[in-house]
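Inspection log for the structure reproduced underneath, given as structure tokens.
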Amino acid sequence: MKTLTFLEGGSLAGVFVMIVGMMVIGALFFSIIVTFIVKFVYESKDSRKFSRKQFIQTFVICLLVCGLISGYICG
């Protein structure tokens, strides 16, 4: 008997897209929260300014870490 993959099993493509979409939205939400926490901690010391470039870099690094963790768990 040939084993079927998740997408070959029938009309499960919608479920697959919804699961991946929820993971992406969750990672974006988590990354925004972590980035704002880092921004507030950084700006609370010595009245430093958290630039837009630092904000984007922190956000992207957090997204990459979320992707690595979800890839390890789901893969």
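Just so you know, all these numbers are worked out from the coordinates, no wet-lab data involved. Note that the structure is predicted; figures quoted are calculated from it, not measured.
Listing for the model above:
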quantity	calculated
Of Val34, Val65, Val17, the one that fluctuates the most in a GNM where the chain has Cα springs shorter than 10 Å	Val17
Cα gyration tensor shape of region 33-72, rounded if a/c is under 1.5, else prolate or oblate by comparing a/b with b/c	prolate
Degrees, to the nearest 10: 52-74 long Cα axis against longest axis of the chain	30 degrees
Kirkwood hydrodynamic radius of the chain, Cα pairs, Å	14.8 Å
Hz values of 3J(HN,Hα) by residue in region 28-44 - Karplus curve (6.51, -1.76, 1.60), Gly and Pro given as x	4, 4, 4, 5, 4, 5, 5, 5, 5, 5, 4, 4, 5, 5, 5, 7, 6
Relative contact order %, the chain, counting alpha carbon pairs below 8 Å whose residues are six or more apart	28 percent
Pairwise centroid distance, computed over Cα atoms, of region 15-29 with region 44-74, Å	19 Å
Set of lysines with alpha-carbon distance to Lys53 below 21 Å, sequence-local pairs under 8 removed	Lys39, Lys45
